Each structure stands twice: as C-alpha cells, then as structure tokens.
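As structure tokens, the structure follows; a few thoughts come after it.
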Amino acid sequence: MSIFSKNQVKKVIVSADNHGYKPNTIEFKEGKPAQIKFIPKGNLGCLDQLNFKSLDIHDDLNGKKEVTVNIPTDKPGTYDFACGMDMFHGKVVVK
Ligand SMILES: [Cu+2]
C-alpha cells in the first residue's frame, strides 16, 4: 500500500470542442480529492466559457492548454457545468 494513496487526487480529463464535452458525466467518490482537467480542442465557439454555476466557478478555456477545476467531495452532490450560452452541458456526481 502506498502512503500516497489516501490523499491522491483523482483527475479526470474532459475534452471540450464545439460539439460539447467528452465525457459529459463524471463521477467521483465522496471524501477523495477530485479534479477535472478541461482540455480545449480546436474551435470552441461558446464553449470558450466554462460555467459551474453551483460552484461559482466561471473560467475561460479560450487559448489555454488546460483548465483545472477542483471539485468539492466533502458531501454527495451533483454539480452541473455548461458552456457560455448554456447549450452544452455536463455534470459531476459525487457519491
Ligand atoms: Cu454554447
């Protein structure tokens, strides 16, 4: 057993392009540190804006290699995210 395993951050890569987010549903375990790395690809259109309304996170993907979002896992819950025009959606489930 690694001494690092308990606090190791689980990272999930989500690609964003003008067709949406892949994957668009991400699950994390309650109590385990969690991050999503958004990787912008190609022409983003309105996906250049990333909004996690329930976490009050609003970020700009445009021109970036990656954008990391820390997900709180202290309690179970669902956090929706969306593009700048609220057309493309994804969700994060902590359980
Ligand atoms: Cu959009």
I'm trying to understand the selection: among the residues of region 57-72, which are within 16 Å of the ligand (Cβ to nearest atom) and of a type in the set (Asp, Glu)? Asp59, Asp60
Is there any pair linking a residue in region 71-90 that is more than 16 Å from Val12 (Cα to Cα) to one that is outside any strand (DSSP E or B) and among the acidic types (Asp, Glu), with Cβ under 7 Å and at least six apart or on different chains, and which? Lys75/Glu30; Pro76/Glu30; Gly84/Asp48
Anything in region 31-52 that is surrounded by fewer than 19 Cβ atoms within 10 Å (Cβ to Cβ), outside any loop (DSSP other than H, G, I, E, B), within 14 Å of the ligand (Cβ to nearest atom) and not acidic (Asp, Glu)? List them, or say none. Gly45, Cys46, Gln49, Asn51
Those residues of region 73-94 that are of a type outside the set (S, T, N, Q), away from the ligand (no atom under 13 Å from the Cβ) and touching a Phe, Trp or Tyr at 6+ places or on another chain (Cβ under 8 Å) come to a total of 6
In region 53-95, anything under 15 Å from Tyr21 (Cα atoms) and not in a strand (DSSP E or B) is listed as Leu61, Asn62, Glu66, Cys83, Gly84, Met85, Asp86, Met87, Phe88
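Bear in mind these aren't lab numbers, they're just calculated from the coordinates by the rules spelled out. Small disclaimer: the values here were computed from a predicted structure and weren't measured. Cβ atoms come from the backbone with ideal geometry, glycine included; neighbour counts cover every protein chain shown.
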